[in-house]
Each structure stands twice: as C-alpha cells, then as structure tokens.
Amino acid sequence: MSEIFYSQAIRDALREEMARDERVLLLGEDIAGYGGAFRVTRGLVEQFGPERIRNTPISENSIVGVAVGSAMLGARPIVEIMFMDFITLAIDQLFNHAAKFRFMFGEQVTLPIVIRTPSGGRRGYGPTHSQSLESLFMSMPGIKIAAPSTPHDAKGMLKSAIRDNNPVLFVENKSLYGTRGEVPDEDYVVPLGSAKVVREGSHVTVISYSQMVQECLRAAQMLERDGVSAEVIDLRTLNPLDMDTLCRSIEKTGRVVLAEEGHRTGGVCAEIGFQLFEKLYYYLDAPIKRVAALDVPVPASPVLEKFVLPDHQDVYEAVKEVLAEV
Amino acid sequence: MSDIESRQLLSYYRTMLLIREFESRLDKFFVDGRLHGTTHPCTGQEATAVGACAGIRPTDYVVSNHRGHGHFIAKTGTPERLMAELFGKATGVSGGRGGSQHIADIASGFLASNGITGGGLPIAAGAALSIKMQGRDQVVLCFFGDGAANQGTFHESVNMAAIWKLPLILFCENNLYAMSTPFNDAFPVSNVSDRADGYAMPGKIIDGNDVCVVRDAVREAARHVRSGAGPYLVEALTYRHCGHSKSDGCEYRPDAEEAEWALKDPIKLLRKKLLDAVPQQEIDSIEQAVRNEIDEAVAFALDSPQPSTDDLEGSIWAN
C-alpha cells in the first residue's frame, strides 16, 4: 500500500494501462507537455510520446468524434475534456454517436472510449467552470458513468473503464485531486456498477457519490455525536446503478437521504430517489430527502458559491429532518 | 473506347442504375403506404457515389451521411440488406434499428452514416487517425454535403486532419441546396473548395455528374492522402432531382434550374456515352438485370423476419 493523491491515482492508472495495451491513447487539450489543466497527465508524454499522448486543438465535439472513429478501427481512446462544463460542446458526438453506434448499427461495433473530465465547484471558478453535469448523462442510454470518491477507487475504476468495451464518462470532481488515500501497489481493478457501503449504520441510509461522499462522511460523524447511526453508501457508478446495495441498506434503515453537487431539479438524486420509491415504498418510514445544489448557476463569489453548493451541514440537517418523521 | 474502358463504364452504369431503381422503388412503397419513416434520396447524384467509390480501393473505408443509399450500394455492391433495413427487418444491415439514415456494414468498409449534418466528419477523421497510427495504407473517403461544410465539425475535423496529416478524402457533394437554403445564402465564398486554403490542403472542384471525372479526381485525392500528404478536398457539383426528403416538394427551386439539371442527369449522360461503345442490347440486358436484382431485394426484405424485442435494453452494452 502507498498513500497517494487522487490525481496521482488517475495518472498511475493511465500509465499502467497504456503500458499494458498499446491500443490505448490519450486525446485532449494541453495534455502533453503541460500535463492538462490539472496536471493529471504530466509526465506521460515523456514515456509514451506525442502520438499516444496527443494534444488536440480546442475542438471538444470533434475530439470526441475522432475518438469514436478511431475506436471503430481498433483504438482504445481516452479523451480528457478540460472542464466538465466544456462537455456541453461535445454532447452531439457523445449522445448521437458514442452512445448510439453500437445499438443503431445492429451491434456491429464496440466503442471502448473513456471520457475523463473534472467536475464541480468550491474553487471560485464561476458559472462555466464549476458544473456537475453527470445527471444529463443518466438519461442517455449507452454511456456508463463512473464518479469515484477516493484515490483507491479512482485508480481501480479508471482501469476498469479503460478495459471496458463501452463508452464510459469518468467524472473527477476537481476538489478530490488534492485528497490522499491508500492504494495497493499491485495491479487491481474496481468493477463498474458496484456501490460501496463506506460507513455502516442503522438509523438512516445516506447515498452519494464523488466529492459529496466526503461531505456525507463528515455529516455522519456529526450525527454520531448526536447518537444517530448513519449508513453512508458511495454509489461510485451512476450507470449502471447498483440498486441491490441501496435496497439492502434501506430495507434495514427505512430512511433515506440522497446527496449530490449537481442541481436539484432533474438531478441524480431525483432519478435514484424515484427508483427507490418505486422499489421500496413499503420499507420507507419517512419521505425520501435530497440534498443538492440550488437551481441557479454556480456563482464565483465565495459567499454565494458556498450558499449554492451543498455541504456536510446540509446533509446533517436533511438527516435530522428525515429522522424527525414518525 | 477500349474494351476494358467500356466494361468499366458498363459496371458503373449498372451500379448507378441499381441506386436509381432502388430509390424509385422506395418512393413507390412510401406512396403505397408499405414503408413508413423518412428517406433522403440521392436521385441525380448517382455519379458522385459510384465515381468516388471507384476511385478508392475495396479495402478503403467510407463514411456517409443522411443521403447515403447511393454511397452504400456503391461501396458494398448489394442492395438486399439495405432494402431490409428500410423495411425495419431483422436482416437489415443495422438489424432494423437504424433505418434509412443510420447504416453501417463494417465488413465491407462502410463505417457509418447518420442523421446529424456534419456528424460523420470527425468519425472519418478518427478512423483515419487509427489507420495512420497502425501504419496501414488505407484511406477514408468521407461524403458530406454543402450544408455540412457550415457545421463546426467541418472546421474542427478538417483542421485536425490537416495538422496530423491524416489519410482522409473530404468528398463534398455540393447539390446547391442545404435542404431549402441555396448555396449563396449560406456561403460568403463561391465554392466549398475555396475553404481548402485555410487548412493548407488541396481543394478541387469537379463536375459531379460525370462518373469518370469523379473517379479520376478521387483517385488523385487517394494517391495524395495515401502518400502521407494529409487530407484532400474534392467538391463535386451535382443536383438532386427530388426533394431533400420524401416530404419536400422543392417549391424553392426555379423550374428553369431544375430543367437545366435534368439534362445533366448522370445516368442519361452515361447511357448516351455507352451507346457509342457497346450494342444497345447489352445496355438493355443490364437494365433488366438491375430491375430483377431490386425485385429480389424487395422479396428478401418482405420475406425477412421482424426484429426481436428480447433484451433490447441489454443489447446496448458490449461485453
């Protein structure tokens, strides 16, 4: 085991998978010498050269389209979209082609593509550099969504994503890059589609993913001081969803809080909350509660940003409300 | 005309006629109510499809667009599974899931077509990138219309292909209208090929209704891109003798213009040329053979089973 940064875990996964499989290549803006806006790919061009660590012009839509076309002829491309906000420029190629080609061409093609992208706020970057847009992808069949919260899962899930034969959106909340965690020294993978109980508890199930898991764990500690035992589940993958792990926990606790950094309306929690309602209505002792960003753009001012984005305090209060229901 | 040349022309004639007959049959089926959905016919543009595919090798790749029946038949040589696709059958080239504008036949090198204008350009550039990185000597022929040349993907993909010197032939079928919008309303330049300079690549404008001119231009382009010199733009001037899609009556086009282009029908022009070189009965027998082949394609489509709905949701994922 070694303790490494989240960004290092991503870099190690890229390095190991590129050494393992020569079909893997990286495409993105400023990813070669500069190492990407968050320096995640720093040092890779020295090892693998500019053909495989391929700097692109600022052309998000066609970078993704090029990835799709290259995958059709045997490549396994990984695209870095510098900020998740910029993925809106590539939605055409992602939704119309990457997500559909396999199905609409009668399963003639496989598209092993990974789209890595930093999401989220809490850095004061303002409305077009702070978004968490993963919920858009939940309503688009054909793209898996991974959003790990620890260096361990980031490395293991990125390896799974690269070895997967489907398009995978790999969401890296930028607040996580500087967090540290234990990572095995030997090769390992974390399969996509498996949620993880990261804290056991009996009174309430708190479900989240990516950076919000850290907020939920902090809230759980605060709740423990109040005598509340919160079970925290890290979804890790949003598509496919591991409903079994969620159901097992809720059958035990009967109470649910969901938390995400994205907008409240039509968000990840909205979808999962409804699925839980459909499956577990008779197990629920209280209405399902969600914690999410306000339905306004993420502002730049630290005061406003903190007000708009959810944190551990919001999770703590939501749990208290859910427990207050009889 | 040498014997080899006339054989070649007969073969082009046969394929062009196959495309024309295929689409005129579709038209009838829509009128009869036997087909539903929509289709974008290429009637009048058969010389670009056949000429361009004749200019590349069978091992090269094609990326097509929404108006792709001609490209498909020219590249794969067979109308059967395309006809089945139009009927939504399990034996269709896309298993009945794609319909008219979402077709692929990877084994024949027909990589993709799709309904997003300009959507195929980055796909073609990506395929060309794989070819280059794997050190293979194939090329990608990407068909697109004048309308697509105003999409952001045109600039983005052509630019990438040019800086990376990808083996990509950009084949623009300029039929003078982007749906109903005349070329001059959408372009500040006179020709799509005027834009080639901006990417430091050759841009050649040709008569798209002469199949031999098209073939020769694409041959030259293929030589250029195969040598590693980067992409090459061919702009073929042509005209669709029909609406943009089956619901379009073409009210926006002047009658005189339509009449002028009707005289330049590529099939009529080629037939006239062939009559000077081969006996009339040879042409007649090709025309009969084409009708038979389309009859067989229709029979195949009608006799084919409907697609299964089992595990449709599971089928979106590859193992």
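The values are calculated or read from the model by the stated rules, or taken from the named source; none is laboratory data. Worth saying up front: this structure is predicted, and the values here are computed from it rather than measured. Cβ atoms come from the backbone with ideal geometry, glycine included; neighbour counts cover every protein chain shown. Ligands, DNA and RNA are stripped out before the accessible areas are found, and what is left, the full protein with its side chains, is counted by its heavy atoms. Shrake-Rupley method; radii C 1.70, N 1.55, O 1.52, S 1.80 Å.
Here is how the numbers come out for the structure above:
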quantity	calculated
Residues that are more than 14 Å from every other protein chain (Cβ to nearest Cβ), open to solvent by less than 30 Å² (accessible area, probe 1.4 Å) and of a type in the set (Asp, Glu), drawn from segment A:13-36	A:Glu17
Filtered residue count, segment B:98-108, keeping only those that are surrounded by fewer than 21 Cβ atoms within 10 Å (Cβ to Cβ) and over 17 Å from B:His40 (Cα atoms)	3
All positions within segment B:178-190 that are in contact with a strand residue (DSSP E or B) (Cβ under 9 Å, 6 or more places away or on another chain) and crowded, with 17+ Cβ neighbours inside 10 Å	B:Ala178, B:Phe183
Sole residue being within 22 Å of B:Ala277 (Cβ to Cβ), touching a residue at least 60 places away in the same chain (Cβ under 8 Å) and surrounded by fewer than 24 Cβ atoms within 10 Å (Cβ to Cβ), chosen from B:Ser11, B:Ser2, B:Ser6	B:Ser6
Options B:Ala229, B:Ala299, B:Ala318: the member that is more than 30 Å from A:Pro167 (Cα to Cα), over 19 Å from the mean Cα position of the chain (by Cα), part of a loop (DSSP other than H, G, I, E, B) and not hydroxyl-bearing (Ser, Thr, Tyr)	B:Ala229
Filter result (in a loop (DSSP other than H, G, I, E, B) and among the aliphatic types (A, V, I, L, M)) within segment B:38-83	B:Ile56
Test: residue in segment A:60-76 that is open to solvent by 10 Å² or more (accessible area, probe 1.4 Å), without any contact (Cβ under 8 Å) to a residue 24 or more places away in the chain and in the same structural domain as A:Ser130 (by TED's automatic domain parsing)	yes
Residue identified as within 13 Å of chain B (Cβ to nearest Cβ), surrounded by fewer than 23 Cβ atoms within 10 Å (Cβ to Cβ) and charged (D, E, K, R) among A:Asp92, A:Asp85	A:Asp92
Which numbered condition A:Arg39 fails, given (1) part of a helix (DSSP H, G or I); (2) among the charged types (D, E, K, R); (3) surrounded by fewer than 17 Cβ atoms within 10 Å (Cβ to Cβ)	(1)
Within segment B:67-83, considering residues that are away from every other protein chain (no Cβ under 12 Å) and open to solvent by 10 Å² or more (accessible area, probe 1.4 Å), the one nearest to B:Tyr12 (Cα to Cα)	B:Ala74
Tally of residues being open to solvent by less than 70 Å² (accessible area, probe 1.4 Å) and more than 16 Å from B:Ala178 (Cβ to Cβ) across segment B:244-263	6
